[in-house]
1. Tell me the accessible surface of B:MET116 in square angstrom (1.4 angstrom probe, heavy atoms of protein chains only), to the nearest ten.
2. Write down the Å³ per residue value for the convex hull defined by the alpha carbon atoms of chain A.
3. Rounded to whole Å and ordered largest first, report the semi-axes of the equivalent ellipsoid of region A:1-103 derived from its Cα gyration tensor (root of 5λ).
4. Might you work out the accessible area of B:PHE158 for me, using a 1.4 Å probe with all protein chains in place, and round it to the nearest 10 Å²?
5. Between A:LEU227 and A:SER50, what is the FRET efficiency for a Förster distance of 56 Å, r being their Cβ-Cβ separation, to the nearest 0.05?
6. Apply 1/(1 + (r/R0)^6) to the Cβ-Cβ distance of B:ASP51 and B:ARG237, taking R0 = 60 Å, and write down the FRET efficiency to the nearest 0.05.
7. Cross-link candidates for A:LYS254: which lysines have Cα within less than 30 Å, leaving aside residues fewer than 8 places away along the same chain?
8. In debye, nearest 20, what is the charge dipole magnitude of region B:54-174 about its Cα centre with +1 on Lys and Arg Cβ and -1 on Asp and Glu Cβ, if you could check?
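The values are calculated or read from the model by the stated rules, or taken from the named source; none is laboratory data. Please read these numbers as outputs of a predicted model, since none were measured by experiment. Here the Cβ positions follow ideal geometry from the backbone for every residue, glycine too, while neighbour counts run over all protein chains shown. We work out accessible area using only protein heavy atoms, side chains counted, and drop any ligands, DNA or RNA first. Shrake-Rupley method; radii C 1.70, N 1.55, O 1.52, S 1.80 Å.
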Amino acid sequence: MSAWNEGRPAVVITGGTSGLGRAALLRLLRSGADVVAIGRSEDRCASLESELQAEFTTQLVRVVPCDLSTTHRTREGAEQIRAILRESGHLAVDVLINNAAVASSWRITTAEGYESQFAVNHLAPFLLTNELMPQLQLGYPGRVIVVTSGSHRNGRIHWGDPMLTRGYSMLRAYRQSKLANVLFCTELNQRYAPTGRLRAYAYDPGLMRTDIGSKSTAGIERMIWGLRVRSPGAIDPDVSARALVRLALNEVPKPDRFYRQLESPARPARRSTDLRDAARLWAVSAKLCASEKAVPH
Amino acid sequence: MKQTAVITGAAGGLGNSFAWEFAARGWDLFLTDRDEESLRVLARGLQRAHDVVVRLHACDLSDDTDRSLFAGILRAETPSVGALVNVAGFDSEGPFVSRDPAVLIRMMRVNMEAGMVLTHSLCSFPRSTELLRVINVASLAAFYPMPFKATYAATKSFVLSSSLALREELSGVATITVLCPAGMPTTPSARRAILDQGALGRLTTLNTSDVVRETIDAAMRGRPIVVPGFLNRAILRASHLIPSRLVAGLIGRRWGTARSYPERRPTERLAGGGS
Ligand SMILES: NC(=O)c1ccc[n+]([C@@H]2O[C@H](COP(=O)([O-])OP(=O)(O)OC[C@H]3O[C@@H](n4cnc5c(N)ncnc54)[C@H](OP(=O)(O)O)[C@@H]3O)[C@@H](O)[C@H]2O)c1
C-alpha cells in the first residue's frame, strides 16, 4: 500500500450488495482499505454491513442505502459519504469505483422521468464523481474507476433522444450507457489528468456469472442471459474483482492506457475516445443533473 | 400561443411518460398527483431536459374538497389548456369479499368521478378556438366483466362509455380519446403480474413511451379509442365474438390460476340472512 501517504486508503464503491461489487468490496477490505459501499435495498445493505463489520473490526466498513436513480438522492448519498469519511479522519476520497448498474427488458422511467439505464448506469457515476470531486482531488492522485462493458463497442449515443422514448430495447439502452461510461472517462482525463490530481479508468470486467441480466428481464432476454452466464466463457465475479481491486489500489498505470479489460490494458472502441462526443456528453449530462448549485460546465 | 397539458396521476409511470412526451412536443405542463415531493422531482427532470414551464398542484382526487379546489384552479386557466390527460386511477385486485369496501369506493371516486369533474370544469366555460384534447385512460378491462377485478373493470367501462357519449355531445369544443391498454410495466408489481401471466403477458406488454406517443397522436386527430398493440387488438376483436358471460368465465379461470387465488366456493349463506 505504498502508494498512499498515510494510513488506509479511503475507497467508495457503488453497487456493493451483489455481483462484482460485493466481491470487490470483500477484497478491498481484505487489502486493508477503509470502504464506504452503496446499495439500493435497505435490508440487503443492513445485513451485509453487520456481517462485514463483525469480520473486519479494525477498519471502516459502511454499506449505505442510496437509490442512485435520481439526482437528489445521489447528491444526498455523496453528502453521507463525505460525512462518514470525515468522521473517520478521511478528508480525501482516494478511489471511487462506479460499479452499480441495471439492465431492463422494460423501459422504466425514474422519478425524474429519465430512462433508468441511462440514469443509473451513466448519470449516477457522472454526478457522484462530480459531487466528490473536491475530495478526489485530495487523493494522490484520486482515482475514478467506471465499470463499463465490452458491449460499449456496439453502442451509440442517441443524441436526439438519449432517454430512448423511441425504439427502446434493453441492449440498445445498455450499450448506450456503457459507451457513455467510457466517454465520461475520456472527458475526465481531458479535464483532470493534466493537473496530476485525478485519473479515470474504464474497466471491462468480462462476462461474469451475476444476476444483472435476470433482475428486471423477461422472455428471450432473460433466457439468453441464463444461457450466457452458464457458458464456459463466463467467469466468477471474484476473478474479475481481483483485477478491479488491483487497478484500484496498486501503482497507478499510465493514463494513456485508461481502458482495462481484466488485468490488461485494452483498446476501447474508437468512438469512445472521440473528444467532441466526450465533451458533448458531459454538457448533456451536466444539464440533466443540474441543481441550483450546478456541476461544472 | 403555447398550450398547456394538464396531467393527473403525473408522478406514476404512465403519467410521467405522458408528461415527458408532451414536453418533448413543446407543451407547457400542469401536473397533479397526491404527493407534492414526487411532483417536484419530476418537474425538475422535465425542466432540465426540455425548455418548458411546469406547474404543479398536489391534491387527492378522491377527496371532494380537494378536487373542487383543483377544478376551480383549472377553470381559471381554461384558455391556455389544450389537453387534459386523466391518468390517475388504481386497482384493488383479488377476491371480492377480501376487498375493503372503503377502498373500492375510493377507487370508484378516482377512476370515474375525477376525470368527469375535471372535463366538466374545463368544458363549461367558453374556450379559444382550439379544441380541448381530452385523453381518458381506461384499460382493456373496460371491455369485459372481470372476475377478481370486478369493480375496477366496471369503473373502466364507465370511462369508456361516458367518453364515447360525451365525445358526440362536446364536438366542436373537445375531442375525447380513450386509451385502453393491456398491462404496462410501469411499477414493480405490474412487472411481476406480467411475468406471472407467462408468455402471453410478455407478448401483450408494450413499452409505455410507445403507447403514450401513439395515444397523443390519436388524440390530436380526434380518434375515439386507442388499443395499443396488434395482439391486444386481435384478442379484443376475437372476444367480441363470444358472449361476455363466457369471456368473464375464461378470464376468471386465467387470473385464478395465474395469481393462485383461492377457488371460488359456492356462496355460504350467513345465518340470519333470510330465505
Ligand atoms: N455480469 C457481467 O457479465 C458484466 C459484463 C460486463 C459489464 N458488467 C458491469 O459490471 C458491473 C456490475 O455488474 P454485476 O454483474 O455485478 O451486476 P449485479 O450483480 O446486478 O450488481 C449491480 C449492483 O448495483 C446495485 N444497484 C442497481 N441499481 C441501483 C440503484 N438504483 N442504486 C444503487 N445501487 C444500485 C445493485 O443493488 P442490488 O444488490 O440491490 O441489486 C447491485 O449491488 C455493472 O456496471 C455492469 O454493467 C457486468
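1. 100
2. With only Cα atoms used, chain A gives 124 Å³ per residue.
3. Details: eigenvalues 83, 50, 32 Å².
They are 20, 16, 13 Å, listed from largest to smallest.
4. Number for this one is 80 Å².
5. Numbers: r = 36 Å, r/R0 = 0.64.
The computed FRET efficiency comes out at 0.95.
6. Working: r = 42 Å, r/R0 = 0.70.
Approximately 0.90, to the nearest 0.05.
7. A:LYS178
8. Values: 11 positive and 12 negative charges, 34 e Å.
Charge dipole, region B:54-174, about its Cα centre: 160 debye, nearest 20.
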